[in-house]
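First the structure, in the form of structure tokens, and then the observations on it.
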Amino acid sequence: MTSSNQQAEAAKADLVLYIDLNAIRKNYKILQAKAAPAECAACVKANAYGLGLEQVAPALADAGCKTFFVAHVTEGEALRALVNSARIYVLHGVWSGNEQRFFDHKLTPVLNSMSQVDTWSAFGRDNGTKVEAAVHIDSGMTRLGLDEQDIAALEADPNRLEGLSLVHIMSHLSCGDEPDNPMNQAQLKRFQSLRRKLPAAPASLAASAGIFLGSDYHIDLVRAGIALYGGRPTSDGTNPMAEAVRARARILQVRDVDSPRAVGYGAAHKVIEPARIATISVGYADGYARSLGSLGRACIEGITAPVVGRVSMDLVTLDVSAVPREKVVEGNFADIIGGGANLDDVAQQAGTISYELLTRLGHRYHRIYMGAGS
Ligand SMILES: *Cc1c(COP(=O)(O)O)cnc(C)c1O
């Protein structure tokens with residue numbers, strides 16, 4: 001829970017983002033238990049999915065997380081300053097000219113292509129050592145990773161791996177959130193057969209959704225992302241994860257509309273019957289997608305209030321006719337994500353996914369971290 005100090009700070013802001021580090025720790029433990037005996041790693045790329053690397057990474061480390069994934073080398077450098085002894089994999093891999101940064105910050109590149117293999121192997125050889133590496137195999141997604149020909153080339157010429165110590169082999173599922181999609185089985189099979197052609201190393205295939213596909217998909221390690229942050233990891237209705245994010249916007253004005261009127265830009269919403277309209281302090285500049293216009297649903301004291309009219313840069317209008325008058329008070333707050341406005345539901349109303357909603361939250365939120373320093 002928030003301290004009275006934090007509550008006083010939140011009361012001064014027009015837009016507040018509560019990030020519950022205890023919920024994130026709890027989610028880590030749920031996923032670790034589900035994946036055991038495999039290890040659970042955490043994906044903290046894109047500033048921990050928009051929630052704040054600086055707070056989230058140490059919270060995960062004290063929940064027991066020892067392995068992290070980021071996308072960019074700059075993210076790896078920032079993370080190294082926060083988690084001293086953890087293993088950090090950099091998913092985008094290493095480029096010629098960047099090798100020393102990996103070495104200096106003890107970052108392990110995920111090698112995605114033959115040019116990356118050759119670059120990193122040469123760096124090890126030139127320094128008279130073996131540098132640690134992960135290899136990404138493309139098992140069917142056709143995005144990043146070594147394909148069958150690349151692996152055949154490495155089998156034919158093992159010297160290309162001479163400067164490397166292979167510590168991990170990974171691949172990624174394209175349809176992990178669809179349990180019945182035959183693509184999952186096909187990718188698992190392909191991955192298992194291709195990885196046996198490389199020097200033996202622990203392996204991973206599952207992201208959050210893959211953790212729920214069963215133990216065949218866990219192999220040695222799983223790479224959890226969205227589920228840590230409370231996103232629904234499976235496509236069926238239930239969400240076993242704890243809510244970690246709650247975004248609240250101040251109610252700036254409430255008005256009774258008793259004659260026909262238009263609301264917002266483009267006069268896109270017409271009030272016909274008498275209604276009450278509340279204008280709240282959030283807009284597309286805060287990642288509240290413009291596509292939520294006339295489709296989104298906020299929540300006031302637990303009661304749903306639909307978005308009416310267009311989403312502006314800084315403002316959204318809600319129809320609060322169904323919310324008891326005494327609950328819609330100017331200066332109070334409406335929940336826009338979490339607290340009754342379920343993250344995945346809001347993303348779906350916006351025509352996107354929770355991942356995009358979180359990573360676009362923007363810079364105007366007053367951020368409050370609950371459970372920090374425990
Ligand atoms: C982002 C990412 C993950 C985590 O995915 P979630 O669906 O958020 O759990 C795992 N593996 C790779 C390669 C990724 O890029």
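The values are calculated or read from the model by the stated rules, or taken from the named source; none is laboratory data. Bear in mind the structure is a predicted one, so any value in this text is a computation, not a measurement. As a convention, Cβ positions derive from the backbone with ideal geometry for all residues, glycine included, and neighbour counts pool all protein chains shown.
Exactly one of these conditions fails for A200: (1) among the small types (G, A, S); (2) away from the ligand (no atom under 14 Å from the Cβ); (3) touching a Gly at 6+ places or on another chain (Cβ under 6 Å). Give me its number.
That leaves (3) as the condition not met.
Condition check ((1) within 16 Å of I353 (Cβ to Cβ); (2) assigned to a loop (DSSP other than H, G, I, E, B); (3) more than 16 Å from the ligand (Cβ to nearest atom); (4) in the same structural domain as N342 (by TED's automatic domain parsing)) across all residues:
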position: T142; (1), (2), (3), (4): no, yes, no, no
position: E155; (1), (2), (3), (4): no, no, yes, no
position: S165; (1), (2), (3), (4): no, no, yes, no
position: I219; (1), (2), (3), (4): no, yes, no, no
position: V222; (1), (2), (3), (4): no, no, no, no
position: T238; (1), (2), (3), (4): no, yes, yes, no
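Consider region 89-107. How many of its residues are crowded, with 21+ Cβ neighbours inside 10 Å and more than 14 Å from the ligand (Cβ to nearest atom)?
Total meeting the criteria: 3.
For region 32-98, list the helices (runs of 4 or more DSSP H) that sit wholly inside it and hold at least 2 residues that are assigned by TED's automatic domain parsing to the domain that holds E356; which are they?
Filter on region 32-98 gives an empty set.
Output the residue which, of all residues in region 66-79 that are out of contact with any Cys (no Cβ under 7 Å at 6 or more places or on another chain) and not aliphatic (A, V, I, L, M), is surrounded by the most Cβ atoms within 10 Å (Cβ to Cβ). Steps first, please.
Keep residues of region 66-79 that are out of contact with any Cys (no Cβ under 7 Å at 6 or more places or on another chain), which gives 66-68, 70-79.
Subset that is not aliphatic (A, V, I, L, M): 66-68, 72, 74-77.
On the way: K66: 14, T67: 19, F68: 27, H72: 13, T74: 11, E75: 23, G76: 25, E77: 17.
By that ranking, first place goes to F68.
Looking at this structure, is R290 without any contact (Cβ under 8 Å) to a residue 40 or more places away in the chain and within 34 Å of the chain's Cα centre (by Cα)?
On the way: without any contact (Cβ under 8 Å) to a residue 40 or more places away in the chain: yes; within 34 Å of the chain's Cα centre (by Cα): yes.
Judged against the criteria, R290 is a match.
Being within 16 Å of the ligand (Cβ to nearest atom) and either out of contact with any Leu (no Cβ under 9 Å at 6 or more places or on another chain) or in contact (Cβ under 8 Å) with a residue 60 or more places away in the chain (or both) is the filter here; which residues of region 168-180 pass it?
Within region 168-180, H168, M170, S174, C175, D177, E178 qualify.
Quickly run through region 231-262 and pick out the residues that are touching a strand residue (DSSP E or B) at 6+ places or on another chain (Cβ under 7 Å) and within 22 Å of A38 (Cβ to Cβ).
Of everything in region 231-262, nothing turns out to be touching a strand residue (DSSP E or B) at 6+ places or on another chain (Cβ under 7 Å) and within 22 Å of A38 (Cβ to Cβ).
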